[in-house]
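The values are calculated or read from the model by the stated rules, or taken from the named source; none is laboratory data. Owing to the predicted nature of the structure, the values given are computational and were not obtained by experimental measurement. With ideal geometry, Cβ positions are generated from the backbone for all residues, glycine too; neighbour counts draw on all protein chains shown.
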Protein chains: 2
Amino acid sequence: MSTAVPRDRDASFEDGSEIVFHPIGRIHSGHTKRDRTPIQPVYAYGCPGVVEVYPKFEAGLADLEGFSHLFLLYHFDRAGPLKLTVKPFLQDREHGLFATRSPSRPNAIGLSIVELIRREGRFIHCDGLDIFDGTPLLDIKPVVSRFDSVHPTRNGWQDEVDEETARKIGIKKGEKDG
Amino acid sequence: MSTAVPRDRDASFEDGSEIVFHPIGRIHSGHTKRDRTPIQPVYAYGCPGVVEVYPKFEAGLADLEGFSHLFLLYHFDRAGPLKLTVKPFLQDREHGLFATRSPSRPNAIGLSIVELIRREGRFIHCDGLDIFDGTPLLDIKPVVSRFDSVHPTRNGWQDEVDEETARKIGIKKGEKDG
């Protein structure tokens, strides 16, 4: 059974402090339907998209095109209500929310590692988009081999899911293709 | 020369929408001084810390201990003013902010990949902390090999920095040790 917690601040948060962010741009993709959107970039090869950064921030993009991969941080603006335990796409069992990548998080921040194809001014063309069209962009960080090449030794419940099953479910083309 | 942009919303943001987040916990580490804090987890081996999650969210941590590595998302609450071009720690040249991991970002969200050592209830003991003591925690996501093992082919200006120099600067023990 899922544990739903209201998003109301006074009831849910121990720490009343507010952190206010504003979109720095929008992510444009071909994804508009939940059941046709890949669950992760690794299952979104061949799903292009454009990351638009608002003009005010364009100067911050200098030299970004030298990197092959980017972390995109964005607001899961269409996430469902917060649930502290969820059944992930890849396994029909409940897990703690933070042991999953579910969008229904206390702070609905999404994280995707996408491939940078080219930059045209404030428009960054990418591949591997697993993000809904129109999603508000919060931040872009370069993926840096010397910082980010970690090799997990344990993958929790994910280690119980075989690769073929993960790929089949993750791509989410089943509904469309057959 | 750095380009400073005021944080004032009306002047800086094309999109007036506000996204309000609240800390879900605090990160406790031994780091209190900027010039003694490693610049990235990869240079923070042997720097332990405790990620405290507020009681309201403890149920969301179930099964997290099965994963060896975590993404921590947090608020750079002591970041300097936004700059759209910055000189990163590792190179004495200006780069666009988004081509660096500088904390002085429009939305000051930090991202660190840390090693999970053990979980005791709502306290997660980790290694590889490059985060100031008391930093507000926004989210925890498991690092999943099948999702997150990307192999960048280009690392932009970072490819111009040799590994020995990066490590020496990144660890930031120079000031302390000699």
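In this structure, is residue A:58 more than 9 Å from every other protein chain (Cβ to nearest Cβ), in contact (Cβ under 8 Å) with a residue 24 or more places away in the chain and of a type in the set (D, E, K, R)?
Against the criterion (more than 9 Å from every other protein chain (Cβ to nearest Cβ), in contact (Cβ under 8 Å) with a residue 24 or more places away in the chain and of a type in the set (D, E, K, R)), residue A:58 does not qualify.
Limited to region A:43-70, what total is found for residues that are crowded, with 20+ Cβ neighbours inside 10 Å and either under 19 Å from the mean Cα position of the chain (by Cα) or hydrophobic (A, V, I, L, M, F, W, C) (or both)?
Number of matching residues: 12.
Suppose we filter B:106, B:88 for residues that are farther than 22 Å from residue B:30 by Cβ, touching a strand residue (DSSP E or B) at 6+ places or on another chain (Cβ under 8 Å) and surrounded by 23 or more Cβ atoms within 10 Å (Cβ to Cβ); which single one remains? It would help to see each step written out before you state the result.
Values: B:88 fails: surrounded by 23 or more Cβ atoms within 10 Å (Cβ to Cβ).
Unique residue meeting the criteria: B:106.
So, residue B:98, is that one modelled with pLDDT under 95 and of a type in the set (Phe, Trp, Tyr) or not?
Criteria not met by residue B:98.
Only one of these conditions is not met by residue B:69: (1) more than 7 Å from chain A (Cβ to nearest Cβ); (2) closer than 19 Å to residue A:154 by Cβ; (3) touching a Pro at 6+ places or on another chain (Cβ under 9 Å). Which number is it?
Exception for residue B:69: condition (1).
Inside region A:13-41, can you point out the residues that are more than 29 Å from residue B:95 (Cα to Cα) and either within 12 Å of chain B (Cβ to nearest Cβ) or buried (at least 16 other Cβ atoms within 10 Å of the Cβ) (or both)?
A:13, A:14, A:15, A:16, A:17, A:18, A:31, A:37, A:38, A:39, A:40, listed by residue number.
Within region A:86-98, can one find any residue that is at the interface with chain B (Cβ under 7 Å from one of its Cβ atoms), outside any strand (DSSP E or B), among the small types (Gly, Ala, Ser) and farther than 30 Å from residue A:121 by Cα?
Checked against the condition, which is being at the interface with chain B (Cβ under 7 Å from one of its Cβ atoms), outside any strand (DSSP E or B), among the small types (Gly, Ala, Ser) and farther than 30 Å from residue A:121 by Cα, region A:86-98 yields no hits at all.
With the requirement that a residue be facing chain A (nearest Cβ under 8 Å), of a type outside the set (D, E, K, R) and closer than 27 Å to residue B:159 by Cα, what does region B:99-142 give you?
The answer is B:99, B:100, B:106, B:107, B:109, B:111, B:113.
How about region A:71-85: which of its residues are assigned to a strand (DSSP E or B) and more than 15 Å from the chain's Cα centre (by Cα)?
Correct list: A:83, A:85.
Using the structure shown, decide if residue B:14 is at pLDDT 90 or above and either in contact with a helix residue (DSSP H, G or I) (Cβ under 8 Å, 6 or more places away or on another chain) or assigned to a strand (DSSP E or B) (or both). Let's see the steps before the verdict.
Numbers: at pLDDT 90 or above: no; either in contact with a helix residue (DSSP H, G or I) (Cβ under 8 Å, 6 or more places away or on another chain) or assigned to a strand (DSSP E or B) (or both): yes.
For residue B:14, the condition - at pLDDT 90 or above and either in contact with a helix residue (DSSP H, G or I) (Cβ under 8 Å, 6 or more places away or on another chain) or assigned to a strand (DSSP E or B) (or both) - is not met.
Among (1) surrounded by fewer than 21 Cβ atoms within 10 Å (Cβ to Cβ); (2) over 26 Å from residue B:146 (Cβ atoms); (3) of a type in the set (Phe, Trp, Tyr); (4) modelled with pLDDT under 95, where does residue B:76 come up short?
(4)
Any idea how many residues of region A:42-63 are in a helix (DSSP H, G or I), in contact with a helix residue (DSSP H, G or I) (Cβ under 7 Å, 6 or more places away or on another chain) and over 25 Å from residue B:145 (Cα atoms)?
3
Could you check residue A:142 against (1) crowded, with 23+ Cβ neighbours inside 10 Å; (2) closer than 21 Å to residue A:37 by Cα and say which number it fails?
(2)
Only residues that are over 18 Å from residue B:23 (Cα atoms) and in contact with a Gly (Cβ under 6 Å, 6 or more places away or on another chain): list them for region A:102-120, please.
Result: A:114, A:115.
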